[in-house]
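Visitor: I have a structure I would like to understand better, so I am pasting it below and will then ask my questions one at a time.
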Amino acid sequence: MMKKITLLFALLTFSLGYSQTDIAVNGGFESGDFTGWTQFISGTQNVVTTNPSEGTNCAELNNNVPASASGIKNANVGIGTAVAGQEVTITFDARGTTAAGGVAFAELFSEIDPSGVSKSQILGGGPLALNADPNVWKSFSFTTTLGPDVSGGVTLQLTATTGGDGGSLAQLFYDNVKITLT
C-alpha cells in the first residue's frame, strides 16, 4: 500500500510541476471562419470542409499571384501567459500543391508591446516539406524558445508564398494548429 501511495504522490508531483498551455485561438478553424486569425490575402483564403486533417474544417490559402505571400496570423496570443525564454512547441498539419517556386512557410514571432519583435524564427529553417500527394496531410512539430521580451505575446504566421514565375502557385491547407507553452 505504501508503494502505491508513493507512486501516486510522485506522479502527482510530476504532473503539477510540468504543465502545458495551448494558447492558439481557433487552431482547428472549427468556428467555420478565421476568428482569431489576422489575414493577409493574396489570391483567395477560405475555411473549407474539404478533407480536413481533424474535425470539420481547415484553412485554405490559394495563392496564384506571382511574387506574393498569402498569410494568416494567430497574432499576439498568450499576453500575460507567455514568459521570456520559455519553451514553446508549435504543431500543425499541412497539405497542398506548390509549383514554379511556390512554397509554404511557418514563422514564429516573440512580440514586444507596443510594437516590434524580440525574436523571429522561420520554423524548420526554410520552406515546409509537404507530402508529394496534395491530399495527404503531413504533421509538423517545432520546439524552440521565446525571445527575451514577449510583452506583446506570440504570433504564429502560416503562408502560401509564390515565386516570380507567372505560373507560380501555392495552394495550401492548414489545420490542427497548436502553440503550446511549457
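Visitor: Pairs needed: first member in the stretch 90-109, among the basic types (Lys, Arg); second member anywhere, part of a strand (DSSP E or B) and open to solvent by less than 10 Å² (accessible area, probe 1.4 Å); C-beta distance under 8 Å; at least 6 residues apart or different chains.
Guide: Here the result reads ARG95/LEU172, each pair linking the stretch 90-109 to a residue that is part of a strand (DSSP E or B) and open to solvent by less than 10 Å² (accessible area, probe 1.4 Å).
Visitor: Quick check on my filter: what residues within the stretch 58-92 are hydroxyl-bearing (Ser, Thr, Tyr) and under 14 Å from the mean Cα position of the chain (by Cα)?
Guide: THR89, THR91
Visitor: Residues to consider are ASN76, ASN131; find the one that is surrounded by fewer than 21 Cβ atoms within 10 Å (Cβ to Cβ) and either in contact with an Asp or Glu (Cβ under 9 Å, 6 or more places away or on another chain) or within 18 Å of GLN39 (Cα to Cα) (or both).
Guide: None of the other options fit; the residue is ASN76.
Visitor: Oh, and also: Go through the stretch 23-64 and give me each residue that's of a type in the set (D, E, K, R) and part of a loop (DSSP other than H, G, I, E, B).
Guide: Of everything in the stretch 23-64, those that are of a type in the set (D, E, K, R) and part of a loop (DSSP other than H, G, I, E, B) turn out to be GLU30, ASP33, GLU54.
Visitor: Another question about this same structure. Which one is surrounded by the most Cβ atoms within 10 Å (Cβ to Cβ), of the residues in the stretch 34-53 that are over 20 Å from ALA104 (Cα atoms) and under 16 Å from the mean Cα position of the chain (by Cα)?
Guide: Just the residues of the stretch 34-53 that are over 20 Å from ALA104 (Cα atoms), to begin with: 35-36, 49.
With the extra rule that they be under 16 Å from the mean Cα position of the chain (by Cα), the set shrinks to 35-36.
Details: THR35: 11, GLY36: 17.
For the stretch 34-53, the residue satisfying everything is GLY36.
The values are calculated or read from the model by the stated rules, or taken from the named source; none is laboratory data. Just so you know, these numbers come straight off a predicted model, no measurement behind them. We place every Cβ from the backbone using ideal geometry, glycine too, and count neighbours over all the protein chains shown. To get the accessible areas, we keep the full protein, side chains included, count just its heavy atoms, and leave off ligands, DNA and RNA. Shrake-Rupley method; radii C 1.70, N 1.55, O 1.52, S 1.80 Å.
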